[in-house]
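Take a look at the structure set out below.
The values are calculated or read from the model by the stated rules, or taken from the named source; none is laboratory data. Keep in mind that what you see is a predicted model, and the values were worked out from it rather than measured. Virtual Cβ from ideal backbone geometry, glycine too; neighbours counted across all protein chains shown. Note: areas computed on protein heavy atoms with side chains; ligands, DNA, RNA excluded. Shrake-Rupley method; radii C 1.70, N 1.55, O 1.52, S 1.80 Å.
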Amino acid sequence: MSKSYDLIVLGSGPGGYVAAIRASQLGLKTAIVERENLGGICLNWGCIPTKALLRSAEVFHNMKNAADYGLAAENITADIDAVVKRSRGVAKQLNQGVTGLMKKNKIDVIMGDGTITAPGKIAVKTEKGDEELEAKDIIIATGARARDLPFAKADGKRIWTYRTAMTPPEMPTKLLVIGSGAIGIEFASFYNDMGADVTVVEMLDRIVPVEDEEISKFLEKSLKKQGMTIMTKAGIKAIDAGDKGVKAEIEDSKGNKETLDFSHVIVAVGIQPNIETIGLDQLGVQPDDRYHIKTDEYCRTNIEGIYAIGDCTAGPWLAHKASHEGVIAAETIAGGHPHTMDGNNIPGCTYCHPQIASVGLTEAKAKEAGHDVKVGKFPFIGNGKAIALGETEGFIKTVFDAKTGELLGAHMIGAEVTELIQGYTIGKSLETTEEDLMNTVFPHPTLSEMMHESVLDAYGRVLHM
């Protein structure tokens, strides 16, 4: 006999578990099906534990440079096993937190592999046997996994995806990172700070290619200064992994090839959605042109009663987008009238060293869209708090429509910019103009004052530069 619910959520990542909580708050009897860990990839193998690793690397970096702060620290060493153990502890704590939230909100959790057998019906293979579930509505929140290179299949020994890179069997000595998106650059930054010799290969003409071009150039210069080798407009032609290392054949933009030796490789060339085994073909759920699930602004698929959110749908593939979509889907199912999401108001963050954060259009994209733009910039070196912190590397850039004063985009690189970006994100959501931002009082001394100065600079009114 099947168990009956108002809503079943397939997947418990930051999209799925938030959708389940919001649905329960709205009075829907809700169940969530999860095949591995509550919290999904983000809490267990992605967003949070990687930040724990990066925090350890940041502390290690600061300890090695203690003299810059008038301090003495000698014989500084790093224990990669202890660093990983701390990261896994953070993940475990958050996993337990999600378990508590499910109990608090009276959400049934069914651990197992779920397949949608028909609209409103899910079969779950659990350790105790098969279960049949039914509900008026289903939210697919199955996320995504790392994409393999056909000639560089991850083996967990010499060729890694992010998953192995988070729990490495050993510390790399000479590391090749293929791909310079957020995941690739974060791991490159982590292992570089931990002492590895790191090379990044990117097929496009610049690293972090979705970011503003000035941000990309600044980051490349900074990473090279830190000792990384950056190869853009380059491709991997072959990988030969052995017991003692990896040989990689790399081709540059002119067709020149060279074979280099590495101890390990991290493949970070994108993601693919986890949708092959959940019954979508039989249901007729439509994919988009990148094989993700196609949805409308309310997260509805083309099949009535089936919704999809998060990384199994169109990008950007970010945890906070997935969570927001979970709320939209739950409120739509409950009969509400949720606000839809504007993709231009979704911030992006990369937690490398230095950090990157952005929201809205880059300068180039704004011009492509037909805007006459005004651009302002302000460097960290001009900010008192940044100087006091010893964090003078970086800048903040704002892009406005010259005719209307609309804030079109903001782009940052430097210390703690991932915390600062939300100020501009709120501003964009509220349709803020340059006048609103100019008339806002920013506290002193703070890094946020650079946000104000960048706006002022766009209109020829900068005060401290």
**Item:** Lys217 open to solvent by 60 Å² or more (accessible area, probe 1.4 Å) and farther than 30 Å from Thr77 by Cβ
**Value:** yes
**Message:** Which condition from (1) farther than 30 Å from Ile306 by Cβ; (2) assigned to a loop (DSSP other than H, G, I, E, B) is the one that Thr142 breaks?
**Reply:** (1)
**Prompt:** Exactly one of (1) hydrophobic (A, V, I, L, M, F, W, C); (2) closer than 30 Å to Leu26 by Cβ; (3) in contact with a Pro (Cβ under 8 Å, 6 or more places away or on another chain) is unmet by Ile80. Its number?
**Reply:** (2)
**Request:** Only one of these is of a type in the set (Lys, Arg) and free of Cβ contacts under 8 Å to residues at least 60 places away in the same chain: Lys153, Lys121. Name it.
**Result:** Lys153
**Fill in**
Exactly one of Lys85, Lys106, Lys92 is basic (Lys, Arg), surrounded by fewer than 22 Cβ atoms within 10 Å (Cβ to Cβ) and in contact (Cβ under 8 Å) with a residue 12 or more places away in the chain, and that one is Lys106
**Request:** Can you tell me which residue within the stretch 166-195, out of those that are closer than 21 Å to Ala82 by Cβ and either in contact with a Cys (Cβ under 8 Å, 6 or more places away or on another chain) or among the aliphatic types (A, V, I, L, M) (or both), is surrounded by the most Cβ atoms within 10 Å (Cβ to Cβ)?
**Result:** Ser189
**Filter result for Lys367 (within 21 Å of the chain's Cα centre (by Cα), among the basic types (Lys, Arg) and part of a helix (DSSP H, G or I))** = no
**Item:** the stretch 52-72, residues that are more than 17 Å from Thr164 (Cα to Cα) and open to solvent by less than 50 Å² (accessible area, probe 1.4 Å)
**Value:** Ser56, Ala57, Phe60, Ala66
**Message:** Please go through (1) out of contact with any helix residue (DSSP H, G or I) (no Cβ under 9 Å at 6 or more places or on another chain); (2) free of Cβ contacts under 8 Å to residues at least 40 places away in the same chain for Thr99 and return the number of the only condition it doesn't satisfy.
**Reply:** (2)
**Prompt:** Would a scan of the stretch 397-412 turn up a residue that is part of a helix (DSSP H, G or I) and buried (at least 23 other Cβ atoms within 10 Å of the Cβ)?
**Reply:** no
**Complete:** Considering residues that are within 17 Å of Gly382 (Cα to Cα) and either basic (Lys, Arg) or assigned to a helix (DSSP H, G or I) (or both), the number found within the stretch 415-452 is 6
**Fill in**
Scanning the stretch 16-48 for residues that are open to solvent by 30 Å² or more (accessible area, probe 1.4 Å) and free of Cβ contacts under 8 Å to residues at least 60 places away in the same chain, the one farthest from Gly120 (Cα to Cα) turns out to be Ile48
**Prompt:** Considering only the stretch 245-264, how many residues are open to solvent by 30 Å² or more (accessible area, probe 1.4 Å) and assigned to a loop (DSSP other than H, G, I, E, B)?
**Reply:** 5
**Request:** Report the residue count in the stretch 251-269 for those that are closer than 23 Å to Gly195 by Cβ and in contact with a Leu (Cβ under 9 Å, 6 or more places away or on another chain).
**Result:** 7
**Message:** Taking the criterion of being under 27 Å from the mean Cα position of the chain (by Cα), of a type in the set (Phe, Trp, Tyr) and closer than 30 Å to Tyr191 by Cα, would at least one residue in the stretch 391-413 satisfy it?
**Reply:** yes
**Asked** Out of (1) more than 26 Å from His353 (Cβ to Cβ); (2) open to solvent by less than 40 Å² (accessible area, probe 1.4 Å); (3) among the acidic types (Asp, Glu), the odd one out for Asp436 is which?
**Response** (2)
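To keep it simple, each residue is scored yes or no on (1) over 27 Å from the mean Cα position of the chain (by Cα); (2) touching a residue at least 12 places away in the same chain (Cβ under 8 Å).
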site	(1), (2)
Ile421	no, yes
Ile426	no, no
Leu437	yes, yes
Val441	yes, no
Pro445	yes, yes
His464	yes, yes
**Request:** Would you point out which residue out of Val198, Val267 is without any contact (Cβ under 8 Å) to a residue 40 or more places away in the chain and open to solvent by less than 50 Å² (accessible area, probe 1.4 Å)?
**Result:** Val198
